[in-house]
1. How many square angstrom of accessible surface are buried between B and A, both sides summed, with a 1.4 Å probe and rounding to 100?
2. Nothing charged except the Cβ atoms of Lys and Arg (+1) and of Asp and Glu (-1): what's the magnitude of the dipole of the protein assembly as shown about its Cα centre? Round to the nearest 20 debye.
3. Give me the distance in nm between label points sitting 7 Å out from Cα along the Cα-to-Cβ direction at B:A5 and A:Q131, one decimal.
4. Most fluctuating residue of B:W11, B:W63, B:W122 in a GNM of chain B with Cα springs under 10 Å: which is it?
5. Could you state the accessible area per residue of region A:1-160 in Å², with a 1.4 Å probe and every protein chain left in place?
6. Would you mind checking region B:151-190 for residues with the amide N under 20 Å from a putative spin-label position 7 Å along Cα→C-beta of A:I53?
7. What average number of partner chain Cβ atoms lie no more than 10 Å from the Cβ of the residues making up B:38-45?
8. Relative to the first principal axis of the alpha-carbon coordinates of chain A, what is the inclination of helix A:16-51, with its axis defined by its Cα atoms, in degrees from 0 to 90 and to the nearest 10?
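The values are calculated or read from the model by the stated rules, or taken from the named source; none is laboratory data. Nothing here was measured: the structure is a model prediction, and the numbers come from that model. Methodologically, a virtual Cβ is constructed for each residue, glycine included, from the backbone with ideal geometry; neighbour enumeration extends over all protein chains shown. Note: areas computed on protein heavy atoms with side chains; ligands, DNA, RNA excluded. Shrake-Rupley method; radii C 1.70, N 1.55, O 1.52, S 1.80 Å.
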Amino acid sequence: MADPESSGMNNADGGAANFFAAMGCASALVFANMGAAYGTAKSGVGVASMGVIRPELVMRSIIPVVMAGVIGIYGLIIAVVIVADVTNPDLTYAKGFADLGAGLAVGLSGLAAGMAIGIVGDAGVRATAQQPKLFVGMILILIFAEALGLYGLIVGLILTSQG
Amino acid sequence: AAMAAGRVARWAAAGALMALAQPARAEGSEVDYKDVFAAVSPYMWAYLGAALSIGLSVTGAAWGIFVTGSSLLGASIKAPRITSKNLISVIFCEAAAIYGVIVAIILSTKIEPVEYSDTEGWPRGAMAAGYGIFGSGITCGLSNLICGMCVGIVGSSCALADAQNASLFVKILVVEIFGSALGLFGVIVGIIMAGNVRFST
């Protein structure tokens, strides 16, 4: 059978290494987008609800939405790093699996971080409308949630540089 | 507890019997997961990718449109002025479907006929091309699915807020723009991946 370290384009094994690289690229972007979308939607609903009673605070309250969008950027970064490997005819299995791992790392971390940002942002903007001193506290909690996505990006970049 | 122990013992015995009763295999004839990939035609991957990119994108757009539209119609009962402005939210959702159409057409033009040989299987480029088109299709499709849902939810809140305070429309629209950027990310990566694909070298 094919040597695990051999080129992925040996016809006897169907080039499976490229499949795993493609799955890594897709999962990096898709899961990070899921987290970003959840964060955007959940925080956006909170912003719209609280904007009815305090319209002057709306532009400040868009910060959770921006942070959720950054989660999507993390996924985009790793996806663009991986995308060249998908159609590389000399892709080794090691590199293909490394790409899959990197994609899942950033994607699932981004999904989790985006969900956290969404829920914290929603509660935070509604609370800030009633007690303006809570704004700084909301930002601090959002930064911790954003760091989770950053950890996934770091590990994803380390994995893509291996293999 | 005695019944549970008996059940566990029976499962363990059955497992041991199955492990021991494997038919004798000739040396070097083991089947591997790579054989599955070698046996599947790249055209399955390619056409699935093209289909999913449009199917999932349209699902996302539809989801967003019904979420936004129902809220918009309900809110405009007491505030009919909001109707024409908030159609922008519906158009943002539609954009997700347009992205899916663009990528699906690009992917379908990338599929070319190649010859399968019994001795060597599919040609070198065709395999990677099939995976690339599939990856591009599900990236774009799932990104637009999630983007459409997000824009729809935010658009619904935008309509409800606009009905109560007209100055809020533009501010909540900023949130919708962030949401629609997610679908754009999917299209960018999908087009990059599909651009490198070459079925026949």
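1. Numbers: alone 11920 and 8050 Å², together 15990 Å².
About 4000 Å² of accessible surface is lost on pairing.
2. Values: 17 positive and 20 negative charges, 358 e Å.
Dipole magnitude for the protein assembly as shown comes out near 1720 debye.
3. Calculated label separation equals 5.7 nm.
4. Of the options given, B:W11 has the highest mean-square fluctuation.
5. Working: 5750 Å² over 160 residues.
I get 36 Å² per residue for this part.
6. Label zone hits: B:157-169, B:172.
7. Details: counts 8, 1, 3, 1, 2, 0, 0, 2.
Mean shielding count: 2.
8. Helix A:16-51 sits roughly 0 degrees off the main axis of chain A.
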